[in-house]
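See below for the structure under consideration.
The values are calculated or read from the model by the stated rules, or taken from the named source; none is laboratory data. The model shown is predicted, which means the values in this text are computed figures rather than measured ones. FYI the Cβ positions are ideal-geometry reconstructions off the backbone, even for glycines, and counts take in every protein chain you see. When the accessible area is computed, the model is the full protein with side chains, heavy atoms only, and any ligands, DNA or RNA have been set aside. Shrake-Rupley method; radii C 1.70, N 1.55, O 1.52, S 1.80 Å.
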Amino acid sequence: NPKLLKQLIDFMQNKKIEIRPVWHPNHMQKPYIKCQRYKIEKSEEIVRETICLPSGAKIKSNQIKHVVEKLESFF
């Protein structure tokens with residue numbers, strides 16, 4: 001649900017937690033539209049319904065816990 005995703009992103013940003021929609025796959029980006037070699041069945045659904053959460057090699061356990069707590073409070 002795109003509306004719910006937008007609400008979640010706004011909610012988390014208000015909590016100073018950066019989340020964002022996933023990047024569009026190359027075959028969905030304007031310069032590469034004509035370059036697709038085969039149909040990726042679920043790509044549009046994944047882009048519509050997926051977010052990127054904070055991550056990285058240096059993320060700490062307490063930061064992960066904080067993100068999870070805020071996600072739980074949203075839902």
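Could you work out [θ]222 nm for the chain from helices alone, using -39500 (n - 2.57) per DSSP H run of at least four and dividing by all its residues? Round to the nearest 500 deg cm²/dmol.
Numbers: 3 runs with 34 residues, N = 75.
Value at 222 nm, helices only, nearest 500: -14000 deg cm²/dmol.
Please determine, in degrees from 0 to 90 and to the nearest 10, the orientation of helix 2-14 with respect to the longest principal axis defined by the Cα atoms of the chain, where the helix direction is its Cα long axis.
The angle comes out near 40 degrees.
Summarise the accessible area of the chain (1.4 Å probe, protein heavy atoms) by the percent that is carbon and sulfur. Spell out each step's value before the answer.
Values: 3490 of 6440 Å².
For the chain, the apolar C and S fraction of the accessible surface comes to 54 percent.
Provide, for the chain, the number of lysine pairs with alpha carbons under 28 Å apart, each pair being eight or more places apart or on different chains.
Lysine pairs satisfying the spacing and distance rule in the chain number 29.
Kindly write out, for the stretch 59-69 in residue order, the coupling ³J(HN,Hα) from the Karplus curve 6.51 cos²θ - 1.76 cosθ + 1.60 (θ = phi - 60°), rounded to whole Hz, with x marking Gly and Pro.
5, 9, 4, 5, 6, 4, 4, 4, 4, 4, 4
With the other protein chains left in place, how much accessible area per residue, in square angstrom, belongs to the chain at a 1.4 angstrom probe? Intermediate results must be reported in sequence, preceding the final value.
On the way: 6440 Å² over 75 residues.
Per residue, the chain has 86 Å² of solvent-accessible surface.
Taking 0.36 nm per residue of separation and subtracting the Cα-Cα distance, what length does fully extending LYS58 through ILE33 add? Could you put the intermediate results ahead of the total?
Values: separation 25, 0.36 × 25 = 9.00 nm, distance 3.55 nm.
Between LYS58 and ILE33, full extension yields 5.4 nm more.
Got the relative contact order for the chain handy, in percent, Cα pairs under 8 Å and 6 or more residues apart? Could you put the intermediate results ahead of the total?
Working: 47 pairs, mean separation 30.0, N = 75.
Result for the chain is 40 percent.
In debye to the nearest 20, how big a dipole does the chain give about its Cα centre with +1 on each Lys and Arg Cβ and -1 on each Asp and Glu Cβ?
Details: 15 positive and 8 negative charges, 55 e Å.
The dipole of the chain has a size of about 260 debye.
Apply the a/c threshold of 1.5 to the C-alpha gyration tensor of the chain and tell me whether it is rounded, prolate or oblate.
Working: a/c = 2.90, a/b = 1.98, b/c = 1.47.
It comes out prolate by the Cα gyration axes.
Tell me the trypsin sites (Lys or Arg not before Pro) within the stretch 1-51 that lie in a loop according to DSSP and have at most 11 other beta-carbon atoms within 10 Å. All intermediate terms of the calculation are to be shown ahead of the outcome.
Working: sites: LYS3, LYS6, LYS15, LYS16, LYS34, ARG37, LYS39, LYS42, ARG48; in loops: LYS15, LYS16, ARG37, LYS39, LYS42.
Taking the stretch 1-51 and a limit of 11 other Cβ atoms within 10 Å, the loop trypsin sites (Lys or Arg not before Pro) found are LYS16, ARG37, LYS39, LYS42.
Using the Karplus curve 6.51 cos²θ - 1.76 cosθ + 1.60 with θ = phi - 60°, what ³J(HN,Hα) values do you get for each residue of the stretch 35-48, in whole Hz, with x for Gly and Pro?
Once θ is set to phi - 60°, the couplings for the stretch 35-48 become 9, 5, 9, 8, 6, 9, 4, 9, 4, 5, 5, 4, 4, 5 Hz.
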